[in-house]
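Below: one structure, written as structure tokens.
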């Protein structure tokens with residue numbers, strides 16, 4: 001009751017004030033008819049607030065987002081399934097879903113009277129030009145009486161998640177060396193003959209033959225273990241992304257960091273399509289969800305990688321965390337997407353080169369982003385020449401360079417400064 005009185009609208013307060021005034025005037029003037037009018041004006045908002053406050057609506061909400069993961073610039077559809085699970089009909093309902101401002105304005109819906117066991121479905125479209133993980137909801141419901149005297153607000157606690165991944169550009173096939181390493185399923189080789197006690201086991205994975213379950217190891221470990229009957233091999237690639245704030249310029253979707261994330265996403269998807277198992281590493285080290293994952297459908301492979309790239313943020317540290325190089329399983333192909341690199345980073349990239357069988361790099365021409373924004377800069381540029389002296393295959397990329405052409409150039413680039421492939425500017429025709 002107290003909540004309903006506090007939720008009284010301006011119209012309800014006007015009714016209440018008019019009724020009290022009429023009642024006081026009626027008592028002073030001795031007008032019985034006016035007193036009855038005043039009593040009616042006072043009773044109407046009080047009775048409405050009493051019944052609306054005592055009402056126990058049982059409203060249900062199921063929110064679905066399709067698809068739950070979209071690429072930046074694409075649309076997603078949100079469906080709201082409302083049900084009245086109680087025995088009382090509802091009045092007029094005003095629904096408002098909570099959205100981050102990047103997804104647009106908050107959608108509002110007006111739903112008329114819902115009887116017992118009735119259902120309503122409403123929907124709206126959202127779209128984001130900014131990558132990230134966004135929470136949709138909760139939804140607020142405004143209940144109102146037919147006279148508009150009292151309005152009560154209710155809120156559902158359920159929310160839904162939408163992941164907006166970076167833009168992905170299809171890339172052409174280029175020669176990729178140093179691919180085979182580690183363990184996987186590509187090059188089977190039988191174990192040497194040994195006793196049953198020497199059998200090597202691993203965790204059970206969906207799709208494994210149950211006849212390969214090693215029950216003695218399963219009982220000891222407490223989970224299903226299967227016999228590893230092959231010496232597995234697989235093509236692995238480490239994708240390194242420099243996300244340091246000091247290495248990038250620009251803000252929002254037009255920044256060099258966003259361009260680097262889009263390049264990393266395109267390369268990662270391309271590598272998965274080529275049969276690689278990809279791991280994401282940033283300047284802060286291993287990314288959560290960026291660990292090696294098993295083979296499967298392309299969408300299943302790229303999902304965790306794209307979701308990790310969707311939430312990558314710039315960090316304030318100035319040095320590179322290279323502790324992940326201590327893991328011998330990181331050998332193989334290493335592809336780096338770099339911003340502006342300082343001289344103190346050269347030893348770290350030298351260690352990266354010696355820890356991998358093959359290294360490739362796309363170095364962004366970060367000062368080009370500064371020139372476009374007409375802002376002063378002290379950056380000297382990220383020329384790939386010094387990377388090639390360390391044994392890397394490297395090319396530079398500007399904000400207007402087609403990524404497919406940059407990737408194809410990277411495939412034809414050689415090691416050492418004498419093998420630099422020149423690239424001309426699309427606007428001036430001069431060599432970059």
Looking at the range 53-80, which of the residues that are exposed (fewer than 15 other Cβ atoms within 10 Å of the Cβ) and in a loop (DSSP other than H, G, I, E, B) is modelled with the lowest pLDDT?
56
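Based on what the data block shows, is residue 93 under 17 Å from residue 153 (Cα atoms) and surrounded by 16 or more Cβ atoms within 10 Å (Cβ to Cβ)?
For residue 93, the condition - under 17 Å from residue 153 (Cα atoms) and surrounded by 16 or more Cβ atoms within 10 Å (Cβ to Cβ) - is met.
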Every residue in the range 256-285 that is in contact (Cβ under 8 Å) with a residue 40 or more places away in the chain, in contact with a helix residue (DSSP H, G or I) (Cβ under 7 Å, 6 or more places away or on another chain) and not in a strand (DSSP E or B), please.
256, 261, 263, 264, 265, 266, 268, 269
Unmet criterion (only one of (1) modelled with pLDDT of 90 or more; (2) under 30 Å from the mean Cα position of the chain (by Cα)) for residue 37
(2)
Give 268, 289, 250, 275 a once-over and let me know the one that is under 31 Å from the mean Cα position of the chain (by Cα) and modelled with pLDDT under 80.
289
Search result, residues across the range 124-170 that are within 20 Å of the chain's Cα centre (by Cα), surrounded by 14 or more Cβ atoms within 10 Å (Cβ to Cβ) and at pLDDT below 90:
137
Go through the range 352-432 and tell me which helices (runs of 4 or more DSSP H), entirely inside it, have 1 or more residues that are modelled with pLDDT under 55.
366-373
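For residue 345, indicate whether it is modelled with pLDDT of 85 or more, out of contact with any strand residue (DSSP E or B) (no Cβ under 8 Å at 6 or more places or on another chain) and in a loop (DSSP other than H, G, I, E, B).
Criteria not met by residue 345.
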When you check residue 106 against the structure, is it surrounded by fewer than 16 Cβ atoms within 10 Å (Cβ to Cβ), modelled with pLDDT of 75 or more, in contact with a strand residue (DSSP E or B) (Cβ under 6 Å, 6 or more places away or on another chain) and in a loop (DSSP other than H, G, I, E, B), yes or no?
yes
State whether one or more residues within the range 15-30 are touching a residue at least 60 places away in the same chain (Cβ under 8 Å) and assigned to a helix (DSSP H, G or I).
yes
If residue 173 satisfies all but one of (1) modelled with pLDDT of 85 or more; (2) in a loop (DSSP other than H, G, I, E, B); (3) out of contact with any helix residue (DSSP H, G or I) (no Cβ under 6 Å at 6 or more places or on another chain); (4) farther than 30 Å from residue 356 by Cα, what's the number of the condition it fails?
(4)
Just to be sure, is residue 296 over 16 Å from residue 165 (Cα atoms), modelled with pLDDT of 85 or more and in a loop (DSSP other than H, G, I, E, B)?
no
Go through the range 41-54 and give me each residue that's without any contact (Cβ under 8 Å) to a residue 40 or more places away in the chain and touching a helix residue (DSSP H, G or I) at 6+ places or on another chain (Cβ under 7 Å).
41, 42
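The values are calculated or read from the model by the stated rules, or taken from the named source; none is laboratory data. In this text the structure is predicted, and so the values were computed from the model without any measurement. With ideal geometry, Cβ positions are generated from the backbone for all residues, glycine too; neighbour counts draw on all protein chains shown.
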